[in-house]
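Chemist: Before anything else, here's the structure in question.
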Amino acid sequence: MPKGLIVAAFGRHFTLETEDGQRLQAHARGKRSEAVVGDRVQWNTTQTGGEIQAVIESLQPRRNLMHRQDLMRTKSFAANLDQVLMLVASQPLFSESQLTRAMVAAEAADIELVIVLNKTDLPDAGLARERLKPYVAMGTPMLELSIKHGHQDSLEQLAPRLQGRTTLLLGASGTGKSSLVNLLVPRAQSRVGELSQALQAGRHTTTHTLWHWLDDKRSGALIDSPGFQEFGLQQVPAADLARHMRDFRPLLGQCRFHNCQHRQEPDCAVTAAVADGRISAQRHRIYLEILQELQTQRW
Ligand SMILES: Nc1nc2c(ncn2[C@@H]2O[C@H](COP(=O)(O)OP(=O)(O)O)[C@@H](O)[C@H]2O)c(=O)[nH]1
Ligand SMILES: [Mg+2]
Ligand SMILES: [Zn+2]
């Protein structure tokens with residue numbers, strides 16, 4: 001059976017790239033469509049009214065899988081990634097809660113996350129850098145860009161990071177995702193300044209996800225999900241949350257109680273570190289917020 005790569009997903013409809021580079025419209029066999037962009041699949045063809053359609057017969061085992069949060073539930077949306085590029089900006093100033101959620105999701109899937117601070121040409125960049133300090137201190141790689149005003153410099157910074165890898169691009173609306181896609185994949189023609197489709201068309205829009213080859217296939221790929229709004233974390237067991245927080249990790253095992261949840265327990269190594277500034281209070285507050293969610297709304 002021929003093999004292929006899923007390069008676009010629009011709800012239950014897919015685009016499949018064959019091994020010789022042809023693109024075919026594809027659907028999944030059966031009612032459930034579990035394929036996501038980045039999946040390697042085996043497929044067959046069917047012919048409906050002269051049009052050749054591919055049918056996805058089976059998925060090859062995945063190296064990893066990322067989830068997003070829908071209004072209703074957590075859904076998988078990209079697989080077999082080498083890294084996540086989390087775009088943040090100084091204007092609008094990024095949300096630490098969103099950044100932390102992205103980092104937890106990436107840690108839980110065992111995928112490296114790189115923070116990309118964009119719009120460093122703006123006066124607020126200093127504030128954004130200040131806010132990112134704890135994230136850099138815990139070992140998160142970070143790049144600084146000004147995509148709009150420094151094309152060549154941005155390309156030079158990004159190229160070695162993206163070389164030969166499959167990268168998932170994420171970031172809130174307005175951070176410069178479309179500008180970044182256009183810089184790296186000129187033929188993609190992503191519309192700059194456009195609100196994300198999910199925001200524009202309302203709650204029932206299906207998020208679509210697209211795979212873009214960079215230059216030639218050896219130089220890597222960028223996965224873009226323009227309607228993306230929120231990470232799904234429901235697949236993460238609440239008891240695992242603390243070890244997905246890199247700054248908490250060195251302290252785990254040092255609390256009085258082995259099952260400490262690092263809330264208000266006595267002799268908690270994490271809250272002690274918050275009290276003396278080794279861990280940012282904001283990170284601890286976000287941890288408690290996510291923990292609460294994971295403990296109350298499991299489905
Ligand atoms: N000042 C500044 N503006 C930028 C930069 N990169 C993108 N923008 C602007 O930010 C706005 C949102 O960019 P866009 O690429 O559409 O972001 P998206 O919503 O994440 O896809 C647009 O008006 C861009 O021109 C940058 O490096 N500096
Ligand atoms: Mg956009
Ligand atoms: Zn503790």
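The values are calculated or read from the model by the stated rules, or taken from the named source; none is laboratory data. In this text, all values refer to a predicted model and were calculated from it rather than measured experimentally. Every residue, glycine among them, receives a Cβ derived from its backbone with ideal geometry; neighbour counts consider all protein chains shown.
Chemist: When the stretch 77-93 is examined, which residues are found to be at pLDDT below 95 and either surrounded by fewer than 20 Cβ atoms within 10 Å (Cβ to Cβ) or among the β-branched types (Val, Ile, Thr) (or both)?
Modeler: Scanning the stretch 77-93 gives GLN91, PRO92, LEU93.
Chemist: Still on this structure: From the list VAL116, VAL136, exactly one residue is modelled with pLDDT of 95 or more and touching a Leu at 6+ places or on another chain (Cβ under 6 Å). Which is it?
Modeler: Numbers: VAL136 fails: touching a Leu at 6+ places or on another chain (Cβ under 6 Å).
Unique residue meeting the criteria: VAL116.
Chemist: Within the stretch 74-95, can one find any residue that is without any contact (Cβ under 8 Å) to a residue 12 or more places away in the chain and over 13 Å from the mean Cα position of the chain (by Cα)?
Modeler: no
Chemist: Restricting to the stretch 101-131, name every residue that is assigned to a helix (DSSP H, G or I) and either within 18 Å of the chain's Cα centre (by Cα) or within 16 Å of ligand 2 (Cβ to nearest atom) (or both). Working first, answer last.
Modeler: At the first step, the residues of the stretch 101-131 found to be assigned to a helix (DSSP H, G or I) are 101-108, 125-131.
Selection gives ARG101, ALA102, MET103, VAL104, ALA105, ALA106, GLU107, ALA108.
Chemist: Hey, does the stretch 100-113 have a residue that's surrounded by fewer than 18 Cβ atoms within 10 Å (Cβ to Cβ), free of Cβ contacts under 8 Å to residues at least 60 places away in the same chain, more than 27 Å from PHE77 (Cα to Cα) and not assigned by TED's automatic domain parsing to the domain that holds ALA281? Even if it seems obvious, please write down each step before you answer.
Modeler: First, pick out the residues of the stretch 100-113 that are surrounded by fewer than 18 Cβ atoms within 10 Å (Cβ to Cβ): 110, 112.
Now restrict to residues that are free of Cβ contacts under 8 Å to residues at least 60 places away in the same chain: 110, 112.
From what's left, more than 27 Å from PHE77 (Cα to Cα): none.
The answer is no; no qualifying residue exists.
Chemist: Just checking, does the stretch 89-108 include any residue being within 25 Å of VAL185 (Cβ to Cβ) and of a type in the set (Val, Ile, Thr)?
Modeler: Residues of the stretch 89-108 within 25 Å of VAL185 (Cβ to Cβ): 89-92, 94, 98-99, 102, 105-106.
Remaining after also requiring of a type in the set (Val, Ile, Thr): none.
Within the stretch 89-108, none of the residues are within 25 Å of VAL185 (Cβ to Cβ) and of a type in the set (Val, Ile, Thr).
Chemist: Still on this model: Being surrounded by 14 or more Cβ atoms within 10 Å (Cβ to Cβ), of a type in the set (Gly, Ala, Ser), over 27 Å from the mean Cα position of the chain (by Cα) and not assigned by TED's automatic domain parsing to the domain that holds LEU210 is the requirement here; does ALA54 meet it?
Modeler: Working: surrounded by 14 or more Cβ atoms within 10 Å (Cβ to Cβ): yes; of a type in the set (Gly, Ala, Ser): yes; over 27 Å from the mean Cα position of the chain (by Cα): yes; not assigned by TED's automatic domain parsing to the domain that holds LEU210: yes.
Considered against the rule, which asks whether it is surrounded by 14 or more Cβ atoms within 10 Å (Cβ to Cβ), of a type in the set (Gly, Ala, Ser), over 27 Å from the mean Cα position of the chain (by Cα) and not assigned by TED's automatic domain parsing to the domain that holds LEU210, ALA54 comes out as yes.
Chemist: Let me ask something additional. Considering only residues of the stretch 218-232 that are in a loop (DSSP other than H, G, I, E, B) and buried (at least 20 other Cβ atoms within 10 Å of the Cβ), which is modelled with the highest pLDDT? Let's see the steps before the verdict.
Modeler: The initial filter retains those residues of the stretch 218-232 that are in a loop (DSSP other than H, G, I, E, B), namely 220, 225-230, 232.
So of that shortlist, the ones also buried (at least 20 other Cβ atoms within 10 Å of the Cβ) come out as 220, 225-226, 228.
Values: GLY220: 94, SER225: 85, PRO226: 74, PHE228: 69.
Here the answer is GLY220.
Chemist: Within the stretch 260-282, track down each residue that is assigned to a loop (DSSP other than H, G, I, E, B) and surrounded by fewer than 18 Cβ atoms within 10 Å (Cβ to Cβ).
Modeler: So the first thing to find is which residues in the stretch 260-282 are assigned to a loop (DSSP other than H, G, I, E, B), and the list is 260-268, 276-280.
Hits for the stretch 260-282 are ARG263, GLN264, GLU265, PRO266, ASP267, ASP276, GLY277, ARG278.
Conditions tested, residue by residue: (1) among the acidic types (Asp, Glu); (2) farther than 24 Å from SER90 by Cβ; (3) more than 12 Å from ligand 2 (Cβ to nearest atom); (4) at pLDDT 95 or above.
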{"position": "HIS149", "(1), (2), (3), (4)": "no, no, yes, no"}
{"position": "LEU155", "(1), (2), (3), (4)": "no, no, yes, no"}
{"position": "ALA188", "(1), (2), (3), (4)": "no, yes, no, no"}
{"position": "ASP216", "(1), (2), (3), (4)": "yes, yes, yes, no"}
{"position": "VAL236", "(1), (2), (3), (4)": "no, yes, yes, no"}
{"position": "ASP240", "(1), (2), (3), (4)": "yes, yes, yes, yes"}
{"position": "LEU251", "(1), (2), (3), (4)": "no, yes, yes, yes"}
